[in-house]
């Protein structure tokens, strides 16, 4: 590394020696729009040079010109460029820009650079800051849902700060990662969940969405191949805000709101009342052949004094009535305060922010707090050299509930806990005396309210130092050095009195994770034009990256009391371990962009990647792409078709890779940690595979972008993504001592159609109405697999969708006996009461939607705007993984059940789909992997509804306020599901598996944004 | 133009190229994990043998093996154990409704073969060691061979019908694995072949193990002999069984725990009669998955002792001390718990072989060879250790064999013996104090053994499923 630094230093010093030219006069002026409003941040450039500036808050500019006269080019997004002559004699230029109807001319950040929308040959969609700011969600990925064609985004858990799953153009891998690459200001960063003790966390939640200027999603090869071995699952580029020269702009954004479950009250599963539970309890024993007296005796043993019975089990009086779900839920508060300042002058621009974000879950004592600050500084040292540094520091605290099928999950446990168990004991403490017969006596109310601790603290610092030097006209050298530091502290303490800590006098588990990710990127970019019509940009670069993560875990038991919780107080340490994992990448890459007359575009990219993750036999790979586009609207023959505003045809083809295969999968390993009797022990841990390498992806894309009749624009594109060499844990005979061997073997195809439409329906002076939407039709197929793989509820089989369910087909309840029935096979002609006589089969249902997307509409009248955004998914199925317990027909004694059990079979002739209730279970009626637990997951959800009012300028300017906006916003206000009995939240994990997640949030909030 | 080209394009590109070249060292991309070493050079010296052998023992701790299920499952299938109402784990076997996709069937199968692979790593490492530690290497190889023999014996017991099920023992056993081959898809050997392999491994282990083992937590010459005694008992090779049991008894290394310490002995890691046990420590115990937790009230408490076995124990017998009243239990379930494995925090081992079993093996072997006097002595010793005032055994012939069987059932209850003892004697399971869905399971029965896991059937075309699954 030292070598690189010293060489860089020499280069930079050499470059600094190049003389800057002398200015001759200063041109000044003001830029306004057609209405006479100042245009802030318009670009003013001396034609034929790279000298340029931007207008300040009054729309005025001042620029040094190095000759006696010059042409200034004025440009501004959404307006037509204009040229104006200035000279030493006449240095003033006041220009009015005409707005352009063309939607395509925005600047879009792409891999290792930026480009104008019309020059893009690949599939690239971007989201601007307005769509992200102040959305009351913890992380930016959540804001992508329903907004970008081809992209699925789900949290799968309402735990504030939960991990968010993103799939771009389907699932491209069987066993490796299917998550996209995240790049913040040019730096590939760690994303996703790296936590160890908590059930879900998200490193990306440390980023303040209000700091984001633009999110760009790269989807096809022309856009992603420049990221080589990491581009296969798509790339999400996040660009943070920067300042513009001008007076300081101060923005204060505040918001406060309320969080509730997204699933409405009438749809949620209900707990049983004491009366319902008690009846079921007695019935469950009597269905085992016991007498009512014996059943009452059992009840009294379990729940002393909870219910007074008559002689035949009649309930005479109920003395305990606990609603555990109500007891663990509340209305959470959402708060956000964000202060930012930006501005600058010709030499220095800055953007700084400090923010606090707090989200309380509807589960008591659960939530997230984030403190973050950012400073993006850009210094133009001279005409050629620009240095910028972006730094952000954030602290994220996540605390409280965990999801999944764990007792610690209050939503899971809350349904199990009998309503006849009191919540508090006679000392006012959380009741725990059911520990001997009831799941260790877990009490979620006590656990969450302080008897236990479960929290996560993440501190993240990201810094990115960039130097840009213009060596000569059109030739720029850029060096970027960045580090990303993550410190994650987790703690999970369980009290000595009840629950998991009861047998060991309290238990605490603490974990620390430290990650350092550094990266250095050097690029040269050359832009030139020749013979008037040929425009060329060439980029070459070199990048090296290394990531090192160290984890420490310690656990202890036997605590002196429930107050002292750090491990120093544990009498018996039971675990102490640490490990280090790392990976490195080294890459060279190049891209060529060419266009003829801004009409015919051609791009090509190539990247060679080497990585420590790949086996020695396949350590380096080369990835490439070509793309072309044709702006048909620029052709003379279409000039007469005035209804066409824009028309562009584009296509691309290329390859990239998926390196998300784990850090050391290729190595044959002899692992340690298999200790015995206090001495270290080792064992053959991984078979290893020296040939193991990235998964490849070959992408074809063709699309058309159009703008018609001055009000309609959109994109239609078709993609075909062939994933090959997929990492497969191929099952091997476990007589080898291993159950799987990891190989690059499988293949899969995702193809589909993406349609995006935007329409301005009314665009009057005072009243505007627009509508937009996107839909993605996705087809997934496993195209190569030697042996079927059955994993959980799914089967992976050639020719089938990757997410095809493979289940026993539930045939309901035998009306004569109340026992469960299944179909014996796929003919569904005969039923059986014995699970051993039934077979699992593919019924065509899958967790992959037939189509998904979203639509939005925007109404505005004077200062008042109403925005509504919907997201939707159709044709996918959800599997309720915990239903077999929570609706287990008595399979787990003596746990309570949900209100669904009230429909249970009781008498011959009863027609129902809930079998009779029997403690110890009813003929395997609650086996896993059957369609009894499968539900249609199709839904449309009102994701976001915002009513905002922007106060008139004349009203606020007297108060010294630049802008003022008040709004009311609802997130997940309404949900429509095709299955009208669906009690699950349809926004589930990509896999369709719903395992008692923390409920997704419905948020209603009020906000005020002020600009000074 | 040419100069321009040189100055502005070629030079910088050359600089970049140099930069790339200078940093492109292979080391940058050669990273190793912190917790593992290269598999192919795992055993470099005697320390490598030691840690690999520890890894083998660690495998025995798995909750799929001696940590829980390998002991629990056969016991819940037999008649010493009855199901508690909330039984959740292994219920499918207790009720004889197991199926080939069930996780316990695959858990036991995968874990035992994993242990065999760990043992093979030690056995097949061709690492030369200095003469000074050659003895230690032999000891480790001997331990590994004996564990490999034990694991094959355990596999053939739980996935194959018992020795003697067919006259020539040509019925299906399990695959024999003596070396690692990632592409192997072995077929099932016959029970005769597996027993031959088990004996060969254990005998080879006996001859290689030369060091005095200070702890019952590790395989020793005597432990291998004790296991061989059991193997020969199952085979009905009475002379060998007697001879091997005698050499363990006569080794002088073990003694029966005194009567008054019998119950408290179950709260310690090992006693003077422990020959081979799997030890656990706080940092590697199975926590709530420990064997004892399946029985004790503080744990899952899924299973309860049956009056069928409790009723056989004479009043005053110290062995009644392993049962504990639980007032929450009543009716058919009531009223005692089984506390032979009281608390994983203090009792932290699973016994594999104890000295009392050697006396009982010898008693049975002697009785079968018509040495009734010798048999009476051995069984009396065990009976009077439990109840010193009990009469000496005087029965002969069939009656003596019955008394030995009863004594064996009492002494070894809940240690995973009962089902195999019934099977080898061709008896069914008959539960009188029964809370299960099924109380009479006649012999012979396809369901006395577990299914070969479905995933193995799918991955290995040479594998044959057990009938009825």
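The values are calculated or read from the model by the stated rules, or taken from the named source; none is laboratory data. These numbers were taken from a predicted model, which means no experiment stands behind them. All Cβ positions, glycine included, derive from the backbone under ideal geometry; neighbour counts span all protein chains shown.
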(request) Output yes when any residue across the range A:384-393 is under 21 Å from residue A:161 (Cβ atoms), within 33 Å of the chain's Cα centre (by Cα) and touching a residue at least 12 places away in the same chain (Cβ under 8 Å), and no when none is. (result) yes
(request) State yes or no: is residue A:563 over 20 Å from residue A:451 (Cα atoms) and away from chain B (no Cβ under 14 Å)? (result) no
(request) List the number of the failed condition for residue A:539; all other conditions in (1) within 34 Å of the chain's Cα centre (by Cα); (2) at the interface with chain B (Cβ under 10 Å from one of its Cβ atoms); (3) over 30 Å from residue A:202 (Cβ atoms) hold. (result) (2)
(message) Just checking, does the range A:508-526 include any residue being under 30 Å from residue A:421 (Cβ atoms), more than 11 Å from chain B (Cβ to nearest Cβ) and touching a residue at least 24 places away in the same chain (Cβ under 8 Å)?
(response) yes
(request) Tell me which of these residue B:274 doesn't satisfy, since it passes every other one: (1) closer than 30 Å to residue A:507 by Cα; (2) within 14 Å of another protein chain (Cβ to nearest Cβ); (3) touching a strand residue (DSSP E or B) at 6+ places or on another chain (Cβ under 8 Å). (result) (1)
(message) Based on this model, can you work out whether residue A:662 counts as at the interface with chain B (Cβ under 7 Å from one of its Cβ atoms) and within 30 Å of residue A:738 (Cα to Cα)?
(response) no
(request) Give the range B:442-469 a look and list any residue that's crowded, with 17+ Cβ neighbours inside 10 Å, within 8 Å of chain A (Cβ to nearest Cβ) and either in contact with a strand residue (DSSP E or B) (Cβ under 7 Å, 6 or more places away or on another chain) or part of a loop (DSSP other than H, G, I, E, B) (or both), or say none. (result) B:453, B:455, B:459, B:460, B:463
(request) Name the residue, out of A:455, A:443, that is away from chain B (no Cβ under 14 Å), modelled with pLDDT of 90 or more and crowded, with 21+ Cβ neighbours inside 10 Å. (result) A:443
(message) Please go through (1) out of contact with any helix residue (DSSP H, G or I) (no Cβ under 7 Å at 6 or more places or on another chain); (2) under 20 Å from residue B:329 (Cβ atoms) for residue A:334 and return the number of the only condition it doesn't satisfy.
(response) (2)
(request) Look through the range B:171-188, keep the residues that are touching a helix residue (DSSP H, G or I) at 6+ places or on another chain (Cβ under 9 Å) and surrounded by fewer than 15 Cβ atoms within 10 Å (Cβ to Cβ), and return whichever of them is farthest from the other protein chains (Cβ to nearest Cβ). (result) B:179
(request) Could you name every one of the strands (runs of 3 or more DSSP E) located completely within the range A:788-854 that has at least 1 residues being under 23 Å from residue B:95 (Cβ atoms)? (result) A:804-808, A:810-813, A:820-823, A:840-846
(request) Run residue B:51 past the list (1) under 30 Å from residue B:177 (Cβ atoms); (2) more than 8 Å from chain A (Cβ to nearest Cβ); (3) modelled with pLDDT of 90 or more and report the number of the one that doesn't hold. (result) (2)
(request) Considering (1) under 29 Å from the mean Cα position of the chain (by Cα); (2) more than 14 Å from chain B (Cβ to nearest Cβ), say which one residue A:481 fails and leave the rest. (result) (2)
(request) Confirm whether residue A:53 is touching a residue at least 60 places away in the same chain (Cβ under 8 Å), over 26 Å from residue A:714 (Cβ atoms) and not assigned by TED's automatic domain parsing to the domain that holds residue A:204. (result) yes
(request) Could you please find all residues in the range B:141-174 being more than 19 Å from residue B:226 (Cβ to Cβ), assigned to a loop (DSSP other than H, G, I, E, B) and touching a residue at least 40 places away in the same chain (Cβ under 8 Å)? (result) B:160, B:161, B:162, B:164, B:165
(message) Can you report the number of residues in the range A:363-381 which are in contact with a helix residue (DSSP H, G or I) (Cβ under 8 Å, 6 or more places away or on another chain), crowded, with 22+ Cβ neighbours inside 10 Å and either more than 27 Å from residue A:245 (Cα to Cα) or free of Cβ contacts under 8 Å to residues at least 24 places away in the same chain (or both)?
(response) 4
(message) Could you go through the range B:117-126 and let me know if any residue there is away from chain A (no Cβ under 14 Å), farther than 30 Å from residue B:425 by Cα and assigned to a loop (DSSP other than H, G, I, E, B).
(response) yes
(request) Go through (1) more than 25 Å from residue B:449 (Cα to Cα); (2) modelled with pLDDT of 95 or more one by one and return the number of the condition residue B:417 breaks. (result) (1)
(request) Those residues that are surrounded by fewer than 24 Cβ atoms within 10 Å (Cβ to Cβ) and within 14 Å of another protein chain (Cβ to nearest Cβ), I need them from the range A:614-638; list them, please. (result) A:615, A:616, A:617, A:618, A:619, A:620, A:621
(request) Tell me, yes or no, whether the range A:686-694 has at least one residue that is surrounded by fewer than 21 Cβ atoms within 10 Å (Cβ to Cβ), over 24 Å from residue A:744 (Cβ atoms) and within 14 Å of another protein chain (Cβ to nearest Cβ). (result) no
(message) Any residue that is within 14 Å of chain B (Cβ to nearest Cβ), crowded, with 20+ Cβ neighbours inside 10 Å and touching a residue at least 12 places away in the same chain (Cβ under 8 Å) - is there at least one of those in the range A:303-321?
(response) yes
(request) Return yes when residue B:319 is assigned to a helix (DSSP H, G or I) and within 14 Å of chain A (Cβ to nearest Cβ) and no when it is not. (result) no
(message) So for the range B:252-263 (the condition being touching a residue at least 60 places away in the same chain (Cβ under 8 Å), within 26 Å of residue A:676 (Cα to Cα), in contact with a helix residue (DSSP H, G or I) (Cβ under 7 Å, 6 or more places away or on another chain) and not in a loop (DSSP other than H, G, I, E, B)), does at least one residue qualify?
(response) no
(message) For the range A:425-462, which positions are part of a helix (DSSP H, G or I) and at positive phi?
(response) A:439, A:440, A:441, A:450
(message) With the requirement that a residue be facing chain A (nearest Cβ under 8 Å) and under 20 Å from residue B:174 (Cα atoms), what does the range B:71-100 give you?
(response) B:99
